[in-house]
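K.L.:
Encoded as structure tokens, here's the structure I'll be asking about.
The values are calculated or read from the model by the stated rules, or taken from the named source; none is laboratory data. Being a predicted model, the structure only gives us computed values, none of them experimental. Cβ coordinates were reconstructed from backbone atoms using ideal geometry, including for glycine residues, and neighbour counts include every protein chain displayed.
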């Protein structure tokens, strides 16, 4: 009987494992799938309900689905008559972040290695990684041309042996689109921001090693980098899709230029700026002593006017950067949202807000503002925003696929604890057990009766 019971238990455990396997596969697909479509090789003919087909099995899997970073997709019918109007132009499809894992449909051949500049401590890891990628993995390695001219590297014997095998590029001149399969960053968070700026459309998967100062976005330690990189190249890694903001500056001078071109005249400023940012776009008062006076619109509707030092529009990734220093909340990078945070607002009630990722924000200098504003994108490309100019911000369709060291949840909370010391304080002391307190005092005869007798004698 015991053997039969064990056999039944093992079969039950196998079925649970298969059901879990089906559940994972079902979550990876955008449409319902059957158990048999994934479990045919496991010789299971029927699902748990005893049927040979899969319709009820899919329903059961949906009921069992409990772990998700996003809430389940709500049902779109309300009562017998009401439902959400279908409009494909307004639908944003978001994959469950728990199922976001890296896969290569062909082996990666080219890798871009970005190192922290002016840091001697990064030189040795940089040489080790590049040499290993070339000699062991037989990959084509790209580096920035300025790296090849660094004095410390030019005099390093180990680097000279591989220097001629490296491919170089210049920022702003060479287009890396469709040339890079994989990115490795050596340094701090700035290296990841720089990698993002190099790719204004699709970004290759990024593996960031912590060799900088803070390292909130760099989850990998360089020790044992060979095994870690090998796992990634074999497709054994989770991904965090870090959303970016599409920022477009529309100049009032464009209208003037269009008119002047007809008259044979040239405009004094460029037409527009179109950039993707990973952290935030910051609008501030620049060198002016006056308050910023900035109008904020959301999908064409005027929301408020910002009077203060400026405004931060950030991604969830950027919520732990400048925004958190200005009093904003910290948002997990998988949450589809845009955060709007005022900088030192001259108002006690102006708190940071979070808006849906699909909206478009328009920011412009108020017509009655005493001064212009200045805008910067991830701390770079700083330029003036004059009266009549407008900045339009929305979520880009090109995220940064950041490779996780563990998974999407563990990496983020580890960074909160290690880099920002989130919720770190001394533990409150516990109270002594009352029974031990009374027993220890009774043994010393310090009871209430004895204390009363002593008081009576004193009187």
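K.L.:
Would you pick out the residues in the range 173-199 that are over 17 Å from the mean Cα position of the chain (by Cα) and in a loop (DSSP other than H, G, I, E, B)?
P.N.:
Within the range 173-199, 173, 174, 175, 176, 177, 178, 179, 180, 181 meet the criteria.
K.L.:
Going through the range 384-407 one residue at a time, which ones are in a strand (DSSP E or B) and surrounded by fewer than 14 Cβ atoms within 10 Å (Cβ to Cβ)?
P.N.:
Matches in the range 384-407: 384 only.
K.L.:
Going residue by residue through the range 341-351, is there one that turns out to be free of Cβ contacts under 8 Å to residues at least 24 places away in the same chain and part of a strand (DSSP E or B)?
P.N.:
no
K.L.:
Within the range 134-156, can you find the residues that are assigned to a loop (DSSP other than H, G, I, E, B) and under 23 Å from residue 182 (Cα atoms)?
P.N.:
Listed by number, the residues that qualify are 136, 137, 138, 139.
K.L.:
Something else: Go through the range 296-315 and report how many residues are closer than 17 Å to residue 247 by Cα and crowded, with 22+ Cβ neighbours inside 10 Å.
P.N.:
The number of residues fulfilling the criteria is 6.
K.L.:
Residues to consider are 202, 213, 168; find the one that is on the phi < 0 side of the Ramachandran plot, modelled with pLDDT under 95 and not in a loop (DSSP other than H, G, I, E, B).
P.N.:
Answer to the check: 168.
K.L.:
Which one of 206, 229, 147 is out of contact with any strand residue (DSSP E or B) (no Cβ under 6 Å at 6 or more places or on another chain), closer than 12 Å to residue 113 by Cβ, in contact (Cβ under 8 Å) with a residue 40 or more places away in the chain and not assigned by TED's automatic domain parsing to the domain that holds residue 315?
P.N.:
Matching residue, one of 206, 229, 147: 229.
For (1) under 23 Å from residue 286 (Cα atoms); (2) assigned to a loop (DSSP other than H, G, I, E, B); (3) at pLDDT below 95, each residue gets a yes or a no:
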| residue | (1), (2), (3) |
| --- | --- |
| 331 | no, yes, no |
| 339 | yes, no, no |
| 354 | no, no, no |
| 359 | no, yes, yes |
| 374 | yes, no, no |
| 409 | no, no, yes |
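K.L.:
Looking at the structure I just gave you, is residue 424 outside the structural domain of residue 338 (by TED's automatic domain parsing) and free of Cβ contacts under 8 Å to residues at least 40 places away in the same chain?
P.N.:
It is true that residue 424 is outside the structural domain of residue 338 (by TED's automatic domain parsing) and free of Cβ contacts under 8 Å to residues at least 40 places away in the same chain.
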